[in-house]
1. Out of 211, 132, 182, 207, I need the residue that is modelled with pLDDT under 95 and assigned to a helix (DSSP H, G or I). Which one?
2. In this structure, does residue 9 turn out to be surrounded by fewer than 19 Cβ atoms within 10 Å (Cβ to Cβ), touching a helix residue (DSSP H, G or I) at 6+ places or on another chain (Cβ under 7 Å) and either at pLDDT 80 or above or part of a loop (DSSP other than H, G, I, E, B) (or both)?
3. When the range 111-121 is examined, which residues are found to be assigned to a helix (DSSP H, G or I) and either buried (at least 18 other Cβ atoms within 10 Å of the Cβ) or within 18 Å of the chain's Cα centre (by Cα) (or both)?
4. So which residues in the range 152-178 are assigned to a loop (DSSP other than H, G, I, E, B) and at negative phi, if there are any at all?
5. From 84, 62, which residue is assigned to a helix (DSSP H, G or I), touching a Phe, Trp or Tyr at 6+ places or on another chain (Cβ under 7 Å) and farther than 20 Å from residue 276 by Cα?
6. Take the residues in the range 205-235 that are small (Gly, Ala, Ser) and on the phi < 0 side of the Ramachandran plot; name whichever of them is surrounded by the fewest Cβ atoms within 10 Å (Cβ to Cβ).
7. Which residue is farthest from residue 183 (Cα to Cα), if the candidates are limited to the range 57-89 and must be buried (at least 23 other Cβ atoms within 10 Å of the Cβ) and of a type in the set (Ser, Thr, Tyr)?
8. So, of the residues in the range 248-260 that are loosely packed, with under 14 Cβ neighbours inside 10 Å and not small (Gly, Ala, Ser), which turns out to be farthest from residue 157 (Cα to Cα)?
Amino acid sequence: MDRHKRVELTRVTNALATPSQLQKSQTRGLTLSLVSSLHYLGGSLTQIGGAILNIPAPAIATSAIIFHRFHLLAGFLESSIRDTVAACLYIASKTCEIPLRPSAILAAVDTACEDPLAVGGKRIPKRKYSHANTETLDHWELRILTTLAFDMHVVTPYTLCFEYLVAMNVDNDRQKILAQRAWNYINDTMKTKICILHQPNVIAVTAIWLAAREADIELLDGEKWWEAFDVDTEDMGHVVLLLREGRNIAIRERDRVVSGREPTLTIEDVKERVLEEASLSSW
């Protein structure tokens, strides 16, 4: 690939968080650390619930992006994470044209809430839900839609990742290695605010770069191949730093559960956590 030649690919973008939205989200009585943890827990629940429902990764990512967008604007003191995760999966199932029963979504999310830091291996249990339960789902679906001004346009990095590997003429064997590892990195970005801070092309390119470094595979003889996809090293570096932060959050939240404390999933849990952090800071 000519280092000066741009790859002609369809330009796809998402609505990203603005500086004013980020600043406002940090002035609702919650520490930045707690807000990051809550985004991580919601993103994890979305992935586990989606896996239980056996829906494709792009649909799970769509629900995660909607979740992060909504809570960026609405905060975490007006709704339980359980309700909004269920509603986001419900919305994503419609936008991605995947027929799912409301009761199945509720059962999957409730199962995920039993162990929100687990990784797969669960099936939807047989649970009965009343009309009131599905009305709650409908309520939060409408609340999310109106908060986001009914803008449900979402582009996920998965397809772009494969397109970029093909565009660089990566051979099949290396493509499989890179695609799988990059896929895992993309999954990690959906657990955090990364997916509403950076465009999908930046996430896809960074995931490929990390995968290539991990697998010790050099792409295009060391050329700055990422520039062909309109990505600069500053944005890539920021994504890498946020991924590291996400892993630290995962460790922190698992340590809390191991020490006997419940995950922060309800409004009451969030309020208790605020008091907990305040008492710790007073020492």
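1. 132
2. Details: surrounded by fewer than 19 Cβ atoms within 10 Å (Cβ to Cβ): yes; touching a helix residue (DSSP H, G or I) at 6+ places or on another chain (Cβ under 7 Å): yes; either at pLDDT 80 or above or part of a loop (DSSP other than H, G, I, E, B) (or both): yes.
Answer is yes for this residue.
3. 111, 112, 113
4. 152, 153, 154, 155, 156, 168, 170, 171, listed by residue number.
5. Values: 62 fails: touching a Phe, Trp or Tyr at 6+ places or on another chain (Cβ under 7 Å).
Step by step, each of 84, 62 is checked, and only 84 is assigned to a helix (DSSP H, G or I), touching a Phe, Trp or Tyr at 6+ places or on another chain (Cβ under 7 Å) and farther than 20 Å from residue 276 by Cα.
6. My answer is 215.
7. 84
8. For the range 248-260, the residue satisfying everything is 258.
The values are calculated or read from the model by the stated rules, or taken from the named source; none is laboratory data. Not measured: the values here are computed from a predicted model. Note: ideal-geometry Cβ built from the backbone for every residue, glycine included; neighbour counts use all protein chains shown.
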